[in-house]
Amino acid sequence: MKIKALILDVDGTLADTEEAHRCAFNRAFEQHKLAWHWSADEYVRLLKITGGKERIGAYVDSLPIDAAERGELHAQIPAIHATKTENYTQLVREGLVPFREGVTLLLDEAERAGVSVSIATTTSFSNIEALLQVNLGRDALANFSVIGAAEQARRKKTGARRLRVCTQGIARMRGGLRCHRGFGQRFGGRQGRRTIYGYHPEPVDARREF
């Protein structure tokens, strides 16, 4: 069967981004005067929770604090996450988050073959925009048929919405869904789409600091 469309995740698929995300979170915590620091091992555990705001919320819920303080911290989450996004985008624009080897070749070959390429992810649109523009050029967004980002994925805990939003723009095409987390593989299979699943033995490299 000829592939008509590719639907790509971002973190761990287009680029190995998780260490940059972790450093951006830790910088945001410092900027908001919070005595938090996520180690590489702790962040690997937190990656089981989809979405940056949700990840911070789960961490707050795990802290041994009273209900009043927990409520105050939850109220700060949007601001903390906004600062984290700014930090991450800066790291990307400094060229510290390159595409994984072979990604640019894959995109070039897809374009030559007339294959539609879209993105379905729960990362923020500004993160995607920065990553694509740094690695592909200022007009990079025009190379993708649909970009389904965190702003469209209200149900991040399942992630189904992000994929539905993305595939609405591809009609009934069947293609390969490339995703580095287990959900993408399972959901892609249930939708009758061939799935390429990338395994990462070290999702966060504690030796790398930006």
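The values are calculated or read from the model by the stated rules, or taken from the named source; none is laboratory data. Keep in mind that this is a model prediction, so the values were computed, not measured. Glycine gets a Cβ as well: all are built from the backbone with ideal geometry, and neighbour counts include every protein chain shown.
A quick yes/no check of all residues on (1) exposed (fewer than 14 other Cβ atoms within 10 Å of the Cβ); (2) at pLDDT below 95; (3) in the same structural domain as Asp11 (by TED's automatic domain parsing):
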site: Leu63; (1), (2), (3): yes, no, no
site: Ala67; (1), (2), (3): yes, no, no
site: Gly71; (1), (2), (3): yes, no, no
site: Ile77; (1), (2), (3): no, no, no
site: Thr83; (1), (2), (3): no, no, no
site: Ser116; (1), (2), (3): no, yes, yes
site: Ser126; (1), (2), (3): no, yes, yes
site: Gln133; (1), (2), (3): no, no, yes
site: Arg138; (1), (2), (3): yes, yes, yes
Can you work out which of the residues in region 115-146 that are in a loop (DSSP other than H, G, I, E, B) and among the hydroxyl-bearing types (Ser, Thr, Tyr) is nearest to Thr13 (Cα to Cα)? Thr121
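Of all residues in region 62-76, how many are touching a helix residue (DSSP H, G or I) at 6+ places or on another chain (Cβ under 8 Å) and under 15 Å from Lys33 (Cβ atoms)?
Looking only at region 62-76, we keep the residues that are touching a helix residue (DSSP H, G or I) at 6+ places or on another chain (Cβ under 8 Å), and these are 63, 65, 70, 73-74.
Narrowing further to those that are under 15 Å from Lys33 (Cβ atoms): 73.
Total meeting the criteria: 1.
Being of a type outside the set (D, E, K, R), farther than 30 Å from Leu6 by Cα and assigned to a loop (DSSP other than H, G, I, E, B) narrows it down to one of Ala79, Ala35, Ala68, so name that one. Give the derivation first.
Values: Ala79 fails: assigned to a loop (DSSP other than H, G, I, E, B); Ala68 fails: assigned to a loop (DSSP other than H, G, I, E, B).
Result: Ala35 is the single residue among Ala79, Ala35, Ala68 that is of a type outside the set (D, E, K, R), farther than 30 Å from Leu6 by Cα and assigned to a loop (DSSP other than H, G, I, E, B).
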Only one of (1) farther than 30 Å from Gly57 by Cβ; (2) at pLDDT 75 or above; (3) more than 14 Å from the chain's Cα centre (by Cα) fails for Phe99. Which number is that? (3)
One residue from Thr13, Thr50 being in contact with a Ser or Thr (Cβ under 9 Å, 6 or more places away or on another chain), of a type in the set (S, T, N, Q) and not assigned by TED's automatic domain parsing to the domain that holds Leu106: Thr50
Scanning region 38-48 for residues that are assigned to a loop (DSSP other than H, G, I, E, B) and surrounded by fewer than 16 Cβ atoms within 10 Å (Cβ to Cβ), the one modelled with the highest pLDDT turns out to be Ser39
Filtered residues of region 91-114 (kept if assigned to a loop (DSSP other than H, G, I, E, B) and buried (at least 18 other Cβ atoms within 10 Å of the Cβ)): Val97
